[in-house]
Amino acid sequence: MEDTEDKQGRVLVIAGSDSGGGAGIQADIKAIMAMGGYAMTAITAITVQDTKGVHDVHPVPLKTVRDQMLVCLNDIGADAIKTGMLGTADLVETIAETLEERAKDAPRIIDPVMVASSGDQLISQKAVGALTSLLLPGAHLLTPNAPEAEVLTGKSVDGINGQRRAAEALLKRGAKGVLVKGGHIPGRVITDVLQTEHGEWMFESQRIETSSTHGTGCTLASAISALVAKGTPIQDAVEQARDYLHKAIETAKGFGHGHGPINHGWALDDNEDG
């Protein structure tokens, strides 16, 4: 049994910024706060981004990423680590070394962000290799969508059987838990497959026909990380985070002219209505 008494919901997020506010660090902070957690950030890149795409990317110097991590870990501490956009192998190596030194026991939720909703490539092939060898082993949870799972495993992921095979392969590579998301797989029902050392769970939800899906992956992984940081068992954390995300998509406000953001603050809207 995991000791939950000292879990205070502190999450250090290591990811890129999204100027449009729908994904990246901005989505992470909103989702963690919505789930009752406390978000700290180490920003890896500044993107020039809106709902229509990523227009430019400015990497943050490696020393600055490391220093952001160190001051947060040394002063505040972390009950969970969540990673998002890690564009280069050098960056992955820096993060892995720093976590090994200062946050070895904090559960890691690794969202292997590779392609934006708009289709823009966000990560180099070398970075994929570094992530697989340095951050995947021992990760509390890996959260690839179907295309990302295909890149990580080399296996076709076009349905539940493919999702299960990919999860099994990633567990064999050392992850403690894998959630292979099914949003990119056609069908009226979206099925996400969670496998851990202890079992397998399937989560289903009706697909919502909308273009407001920007930041869904960041949001789900961060919501899960906040719950894990509070001591919630992983299968319960996934279920609760999925419910939160589903309502956030359902109540999206339709901002922008591309893939719009979801409504991270829907619970606040509900309180106002009440």
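Could you please find all residues in the stretch 60-92 being of a type outside the set (D, E, K, R) and free of Cβ contacts under 8 Å to residues at least 12 places away in the same chain? Spell out how you get there, then give the answer.
We begin by selecting, within the stretch 60-92, every residue of a type outside the set (D, E, K, R); these are 60-62, 64-65, 68-74, 76-78, 80-81, 83-89, 91-92.
Scanning the stretch 60-92 gives PRO61, THR64, VAL71.
Has the stretch 73-84 got at least one residue that is surrounded by 15 or more Cβ atoms within 10 Å (Cβ to Cβ), out of contact with any helix residue (DSSP H, G or I) (no Cβ under 9 Å at 6 or more places or on another chain) and under 15 Å from MET40 (Cα atoms)?
Pass one, the stretch 73-84, residues surrounded by 15 or more Cβ atoms within 10 Å (Cβ to Cβ): 73, 77-84.
Those left that are additionally out of contact with any helix residue (DSSP H, G or I) (no Cβ under 9 Å at 6 or more places or on another chain): 77.
If we keep only those that are under 15 Å from MET40 (Cα atoms) too, we end up with 77.
Yes, because at least one residue in the stretch 73-84 is surrounded by 15 or more Cβ atoms within 10 Å (Cβ to Cβ), out of contact with any helix residue (DSSP H, G or I) (no Cβ under 9 Å at 6 or more places or on another chain) and under 15 Å from MET40 (Cα atoms).
Name the single residue, out of those in the stretch 177-193 being among the small types (Gly, Ala, Ser) and in contact with a helix residue (DSSP H, G or I) (Cβ under 8 Å, 6 or more places away or on another chain), that is modelled with the lowest pLDDT. So that I can check it myself, show each step before the final result.
Our first condition is that a residue be among the small types (Gly, Ala, Ser); within the stretch 177-193, this holds for 177, 182-183, 187.
Subset that is in contact with a helix residue (DSSP H, G or I) (Cβ under 8 Å, 6 or more places away or on another chain): 177, 182-183.
On the way: GLY177: 98, GLY182: 96, GLY183: 93.
If we take residues in the stretch 177-193 being among the small types (Gly, Ala, Ser) and in contact with a helix residue (DSSP H, G or I) (Cβ under 8 Å, 6 or more places away or on another chain), then GLY183 is modelled with the lowest pLDDT.
Quick one: in the stretch 195-221, of everything that is touching a helix residue (DSSP H, G or I) at 6+ places or on another chain (Cβ under 9 Å) and among the acidic types (Asp, Glu), which residue is nearest to LYS172 (Cα to Cα)?
GLU197
I'm checking my understanding of the structure. Among residues of the stretch 126-154 that are among the charged types (D, E, K, R) and buried (at least 16 other Cβ atoms within 10 Å of the Cβ), which one is farthest from ASP90 (Cα to Cα)? I'd like the intermediate steps shown before the answer.
Just the residues of the stretch 126-154 that are among the charged types (D, E, K, R), to begin with: 126, 148, 150.
Right, trim to buried (at least 16 other Cβ atoms within 10 Å of the Cβ) and you get 148, 150.
Values: GLU148: 20, GLU150: 23 Å.
The qualifying residue farthest from ASP90 (Cα to Cα) is GLU150.
Among THR219, THR196, THR251, which is the only one that is among the β-branched types (Val, Ile, Thr), over 28 Å from GLY162 (Cα atoms), at pLDDT 95 or above and open to solvent by less than 50 Å² (accessible area, probe 1.4 Å)?
Numbers: THR219 fails: over 28 Å from GLY162 (Cα atoms); THR196 fails: over 28 Å from GLY162 (Cα atoms).
When all the criteria are applied, what remains is THR251.
Is it the case that the stretch 98-117 has a residue that's in a helix (DSSP H, G or I), aliphatic (A, V, I, L, M) and modelled with pLDDT under 95?
First, pick out the residues of the stretch 98-117 that are in a helix (DSSP H, G or I): 98-102.
Now drop any that are not aliphatic (A, V, I, L, M), which leaves 99.
Cutting the leftovers down to modelled with pLDDT under 95 gives us none.
Within the stretch 98-117 (the criterion being in a helix (DSSP H, G or I), aliphatic (A, V, I, L, M) and modelled with pLDDT under 95), the answer is no, since none of the residues qualifies.
Which residues, taken from the stretch 222-274, are among the polar types (S, T, N, Q) and touching a helix residue (DSSP H, G or I) at 6+ places or on another chain (Cβ under 8 Å)?
Residues of the stretch 222-274 among the polar types (S, T, N, Q): 222, 225, 232, 235, 240, 251, 263, 271.
Listed by number, the residues that qualify are SER222, SER225, THR232, GLN240, THR251, ASN263.
State yes or no: is ILE32 assigned to a helix (DSSP H, G or I), of a type outside the set (Asp, Glu), touching a Phe, Trp or Tyr at 6+ places or on another chain (Cβ under 9 Å) and buried (at least 21 other Cβ atoms within 10 Å of the Cβ)?
Numbers: assigned to a helix (DSSP H, G or I): yes; of a type outside the set (Asp, Glu): yes; touching a Phe, Trp or Tyr at 6+ places or on another chain (Cβ under 9 Å): yes; buried (at least 21 other Cβ atoms within 10 Å of the Cβ): yes.
Considered against the rule, which asks whether it is assigned to a helix (DSSP H, G or I), of a type outside the set (Asp, Glu), touching a Phe, Trp or Tyr at 6+ places or on another chain (Cβ under 9 Å) and buried (at least 21 other Cβ atoms within 10 Å of the Cβ), ILE32 comes out as yes.
ASP79 - would you say it is within 19 Å of the chain's Cα centre (by Cα) and acidic (Asp, Glu)?
Details: within 19 Å of the chain's Cα centre (by Cα): yes; acidic (Asp, Glu): yes.
Spelling it out, ASP79 is indeed within 19 Å of the chain's Cα centre (by Cα) and acidic (Asp, Glu).
Does GLY174 count as modelled with pLDDT of 95 or more, at positive phi and either surrounded by 17 or more Cβ atoms within 10 Å (Cβ to Cβ) or assigned to a loop (DSSP other than H, G, I, E, B) (or both)?
On the way: modelled with pLDDT of 95 or more: yes; at positive phi: yes; either surrounded by 17 or more Cβ atoms within 10 Å (Cβ to Cβ) or assigned to a loop (DSSP other than H, G, I, E, B) (or both): yes.
Yes; evaluated as a whole, the condition is true for this residue.
Kindly list the number of the only condition in (1) part of a strand (DSSP E or B); (2) out of contact with any Pro (no Cβ under 9 Å at 6 or more places or on another chain); (3) open to solvent by 40 Å² or more (accessible area, probe 1.4 Å) that fails for ILE46.
All conditions pass for ILE46, except number (2).
Could you please give the count of residues in the stretch 177-200 that are part of a strand (DSSP E or B) and more than 16 Å from ILE109 (Cβ to Cβ)?
Step one: of the stretch 177-200, the residues part of a strand (DSSP E or B) are 177-181, 189-196, 199-200.
Filter once more, so that each one left must be more than 16 Å from ILE109 (Cβ to Cβ): 189-191, 193, 199-200.
The total comes to 6.
Suppose we filter the stretch 138-169 for residues that are touching a helix residue (DSSP H, G or I) at 6+ places or on another chain (Cβ under 7 Å) and without any contact (Cβ under 8 Å) to a residue 12 or more places away in the chain; how many remain?
1
Residue by residue, here is whether (1) under 15 Å from the mean Cα position of the chain (by Cα); (2) under 22 Å from LYS82 (Cα atoms); (3) open to solvent by 30 Å² or more (accessible area, probe 1.4 Å) holds:
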site: LEU170; (1), (2), (3): no, yes, no
site: LEU179; (1), (2), (3): yes, yes, no
site: THR191; (1), (2), (3): no, no, no
site: MET202; (1), (2), (3): no, no, yes
site: HIS214; (1), (2), (3): yes, yes, no
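Check off (1) among the acidic types (Asp, Glu); (2) crowded, with 24+ Cβ neighbours inside 10 Å; (3) not in a helix (DSSP H, G or I) for ASP56 and give me the number that stays unchecked.
(2)
The values are calculated or read from the model by the stated rules, or taken from the named source; none is laboratory data. All figures in this text were calculated on a predicted structure; none of them were measured in a lab. Backbone-built Cβ (ideal geometry, glycine too); neighbour counts: all protein chains shown. All accessible areas refer to the heavy atoms of the entire protein, side chains included, with ligands and DNA or RNA removed. Shrake-Rupley method; radii C 1.70, N 1.55, O 1.52, S 1.80 Å.
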